[in-house]
Amino acid sequence: MRTKAMAAALGALALTVAACGGDGGGSGGAEDHGEIKVWLSNNPEEIAWGQAMVKAWNADHPDEKITAQEIPAGQSSEEVIGAAITAGNAPCLVFNTSPAAVPQFQKQGGLVSLGQFDGGTDYVEERSGDVAEQYQSPDGEYYQIPWKANPVMIFYNKDLMKKAGVDPENPPLATYDEFLATSKKIVDSKAAQAAIWPAPTSEFFQSWFDFYPLYAAETGGTQLVEDEKATFDSDEGKAVADFWATMYSEGYAQQEPYNGDSFADGKAAMSIVGPWAIAVYGDSVNWGAVPVPTSQGTPAEETYTFSDAKNIALYSACENQGTAFDVLKFATSEEQDGALLETTGQMPMREDLAGTYPEYFESHPEYAVFADQASRTVEVPNVPNSIEIWQAFRDAYSSSVIFGEESVDDAVGAASDDVTELAGQG
């Protein structure tokens, strides 16, 4: 779910991005119809869904057939997509477009605004509701449709909690003080080597799975950048950073990378994960799930988190863009979103998810908490220099929070200045 190679790939991609803007132009037009090519994620469950979706479309559209394949192999899907944009041979649709990469793909001229299609903007906003605004580009257009989210929460191992003398059915984890006290019990009792073991490495995206979910929760849904300015040099941002700094300095989180899955291996009693983890850990770990903590213990029904979304974009090399847009709508219809939910357990980004698929959540109650959480998510900011912004933040976070090489306040302030400067370079 988290590709470490993505960092190097997107860093290289940033250096190759053309200076031209993404005007949505391409080799085809909004009225052109015919056969199209799409790329699917290499996740087995998503491939199964994608193949069934393609079969259903092709059965009713013999003159507009879809040819689907997995995203070609590479260091990361983002690298492969960026190279395809440069070569002019990108597919019409990619069902695995990272929101963090959209500003760069748009700058390359590789994406088509969905607003150029009749009813395109309305479709995006009506399907996803208020959350759609987070995926709007600075020019007011949508170059991606919010597709599926994996809202991250705290997974915990009930058996290890019990071993540490913590109530396994209701562990105290809602406030920072509670989380720290519980973490101390876990480590002191040697129930696990670490209470929680986020990757302490420097890839830009790692902050999405330690700092950012807690920042979203502490602020009630604030993005890292808003109105071209960094938001995290604040009491809330420093509170989150100080919490994690204490976790590291006390040894509750480890400074060394773990070569494997620390949660699955019982080396950590907790992990920050999305609903995909239910299928991964369900049979091997006696788990529970709670929202990420806040300083004062925000009620679960009010707690925000990071979305960890993957979206669909329509690429400008596409000749038959009219068909591509029709397929995009078909693939994100209520029926197909339900099939995606059933097949993958990932959350379609549509308004009132639980109310739309009540039978699924009645028969899969373990997913219901994630469906509720999916209504309160924060995405990475859709701003220029997105990758560079996250790398600047991660570098400051690593040196101060993880390794204690400089003060948190100094690092946060300096990173805020750097991020604001990068965000203003439209």
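The values are calculated or read from the model by the stated rules, or taken from the named source; none is laboratory data. A quick note: this is a predicted structure, and the numbers were derived from the prediction, not measured. All Cβ positions, glycine included, derive from the backbone under ideal geometry; neighbour counts span all protein chains shown.
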Search result, residues across the stretch 311-356 that are over 23 Å from residue 116 (Cβ atoms) and not in a helix (DSSP H, G or I): 345, 346, 347, 348, 351, 352
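Of all residues being small (Gly, Ala, Ser) and out of contact with any Ser or Thr (no Cβ under 8 Å at 6 or more places or on another chain) in the stretch 383-414, which is farthest from residue 249 (Cα to Cα)? Just the residue, please.
Once the filter is applied, the top-ranked residue is 386.
May I ask you to verify whether residue 141 is closer than 30 Å to residue 43 by Cβ, outside the structural domain of residue 288 (by TED's automatic domain parsing), within 23 Å of the chain's Cα centre (by Cα) and not in a helix (DSSP H, G or I)?
Details: closer than 30 Å to residue 43 by Cβ: yes; outside the structural domain of residue 288 (by TED's automatic domain parsing): yes; within 23 Å of the chain's Cα centre (by Cα): yes; not in a helix (DSSP H, G or I): yes.
Answer is yes for this residue.
Restricting attention to the stretch 277-310, which residues are assigned to a loop (DSSP other than H, G, I, E, B) and within 30 Å of residue 106 (Cβ to Cβ)? Outline the logic, then answer.
Filtering the stretch 277-310 for residues assigned to a loop (DSSP other than H, G, I, E, B) gives 282-286, 291-293, 295-299, 303-304, 307-309.
If the condition is that a residue be assigned to a loop (DSSP other than H, G, I, E, B) and within 30 Å of residue 106 (Cβ to Cβ), then 304, 307, 308, 309 are the ones that fit.
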Residue in the stretch 300-318 that is surrounded by fewer than 23 Cβ atoms within 10 Å (Cβ to Cβ) and closer than 24 Å to residue 186 by Cα present: yes
Cβ pairs under 6 Å, 6+ apart, first in the stretch 290-302 and modelled with pLDDT of 95 or more, second of a type outside the set (A, V, I, L, M) and not in a strand (DSSP E or B): 291/303; 292/213; 293/176; 293/179; 294/218; 295/176; 300/291
The lone exception for residue 222 - which of (1) within 30 Å of residue 340 (Cβ to Cβ); (2) of a type in the set (Ser, Thr, Tyr); (3) assigned to a helix (DSSP H, G or I) it fails: (3)
Residue satisfying all of: in the stretch 165-199; in contact with a strand residue (DSSP E or B) (Cβ under 7 Å, 6 or more places away or on another chain), surrounded by fewer than 24 Cβ atoms within 10 Å (Cβ to Cβ) and among the small types (Gly, Ala, Ser); nearest to residue 290 (Cα to Cα) among these: 194
Number of the condition not met by residue 67 [criteria: (1) surrounded by fewer than 19 Cβ atoms within 10 Å (Cβ to Cβ); (2) part of a helix (DSSP H, G or I); (3) at pLDDT 90 or above]: (2)
